[in-house]
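The values are calculated or read from the model by the stated rules, or taken from the named source; none is laboratory data. Because the structure is a prediction, the values reported are computed rather than measured. For neighbour counting, all protein chains shown are included, and Cβ atoms are generated from backbone atoms with ideal geometry for every residue, glycine included. Accessible surface is based on the protein model in full, side chains and every heavy atom, while ligands, DNA and RNA are left aside. Shrake-Rupley method; radii C 1.70, N 1.55, O 1.52, S 1.80 Å.
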Amino acid sequence: MTSIGASTPDRGYALRIALALVVAGLVVNGLIVRLWLGGNGRILFYETDRLADFVKHTMSFPGGALAPSFYPELIAHFQSDIEIFARVHGHFHNMPETVLLTLAVRPLFSLIDPIVLYMIFASLCVLIWASVCHRHADAEARPYALGLALANYPLLLMLDRGNLFSAITAICLAVALLRKRQDWLATMLIAVAVNIRPNVAVIVLPLLAWDRATFAFVARTFIVGVVLGFGSLAIDNVIYPAYTLQSWLRGLQLYNDTYTLGRFGTEYGSSLWGALRHVLPVTGRAVVLCMLAGLLPLVLAWLWRNRLSYAASCFLAMAACALSTAVFGDYHLLIFLVPLLILRREDPAFWPILLGACWVLTPKNYTPNDVLSWQVFLNPAGTVLAVLGIAQAYRNRVYGISTPHTVEGQS
């Protein structure tokens, strides 16, 4: 992929604009909720389910009695929810690696207040995420990179919802993409990320090329990923015998029925299916159609891989991941900060990439609490427009001799 030269201040230019736009979006959404909706609105998740993806999820697994909590009402609410939803979809749909991490944390709930424990782990995730963004930005741009890493809608939603697995996934992918190497560290980072959220595999496309080193890297990563997945499954079964390959597959079917085709997957998402399910028949065939349509940016990124900048390739791969995944929680949008860290002012698609990334990093929940947010439609629509903008920016561009983007081989 071609690399477009730029001086250090140019990268700071993109981050300065992005930080201003995203912070302004946060402020505007807050003011609209407060002034226009009279406080009967939202930016983040429902109060009754805050921290649930960590605390309630972990509580649902067997273990000792919970340590006393400073918020016993929330813990009691979660316990009631666990009993109700165990009959609906339960927790068996989670990936084996996710279950293994959860089982490792569950004993700590008997020693430390689960909410305090969440705060500790959440703080650690935020610290690592901020450090990654700070380290991989140019020196002059680091204050803006740090501000943007901390002040954006997906991160706030992740903390509010408690989905620390999305933070781990974003950290692993960001480090792999920003290092631009096909080494063993990249292999492990991608294997961990894909074993938490398999659909993110498409995001690593910018690291790939059509050569022997890439084939070796893909094969190695695939093998490590499979070993990690089935190894986690085996360990899970020893610790928690109810979690087997069969129960996991049944869990995935229940997830499909309750989230992909059911009502639980309709809010706080940015997928193409999440928007079009309100106008298309809610069937598996319609889901597959939306998935294939959502993958078109990935096809473009591969066909034009020798023309696109690295930032454009990353954005297109991330757009394909978000659009094609049937249920794509907004906390997974955190990875869209990566193109902004590497975006250069001379990039032909500078504005589509910048505005597209800022669009999904900004909340647009301008609706009352009990009404489906327009953000479900606005986020995929903005992503599609950004993809079209990138395609238009590069379509008729004439390329001279330039230094091609390469990814380092194994180390």
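Test Ala201 against the criterion of being within 28 Å of Phe54 (Cα to Cα) and buried (at least 22 other Cβ atoms within 10 Å of the Cβ), and give yes or no. Criteria not met by Ala201.
Considering region 45-90, and only residues there that are surrounded by 14 or more Cβ atoms within 10 Å (Cβ to Cβ) and of a type in the set (Asp, Glu), the residue that is farthest from Leu157 (Cα to Cα) turns out to be Asp81. Pairing residues of region 142-162 that are open to solvent by less than 50 Å² (accessible area, probe 1.4 Å) with residues that are small (Gly, Ala, Ser) and assigned to a loop (DSSP other than H, G, I, E, B), at Cβ distances under 8 Å and at least 6 apart in sequence or on separate chains, gives Ala145/Ala137; Arg161/Ala52; Gly162/Ala52. Within region 211-230, the set of residues being in contact (Cβ under 8 Å) with a residue 60 or more places away in the chain and either open to solvent by 30 Å² or more (accessible area, probe 1.4 Å) or touching a Leu at 6+ places or on another chain (Cβ under 9 Å) (or both) comprises Ala213, Thr214, Ala216, Phe217, Leu228, Phe230. For beta carbons closer than 6 Å, sequence separation of 6+ or different chains, a first residue in region 245-259 that is over 20 Å from Arg285 (Cα atoms) and a second that is of a type outside the set (S, T, N, Q), the qualifying pairs are Ser247/Phe92; Trp248/Phe92; Gly251/Phe92; Gly251/His93. Of the set (1) surrounded by 20 or more Cβ atoms within 10 Å (Cβ to Cβ); (2) under 15 Å from Pro297 (Cα atoms), all apply to Val376 but (2). Of the helices (runs of 4 or more DSSP H) contained entirely in region 241-300, those carrying at least 3 residues that are surrounded by fewer than 17 Cβ atoms within 10 Å (Cβ to Cβ) and over 20 Å from the mean Cα position of the chain (by Cα) fall at 245-255, 284-294. In summary, Leu117 fulfils each of the numbered conditions (1) open to solvent by less than 40 Å² (accessible area, probe 1.4 Å); (2) touching a Ser or Thr at 6+ places or on another chain (Cβ under 8 Å); (3) more than 23 Å from Thr260 (Cα to Cα) with the single exception of condition (2).
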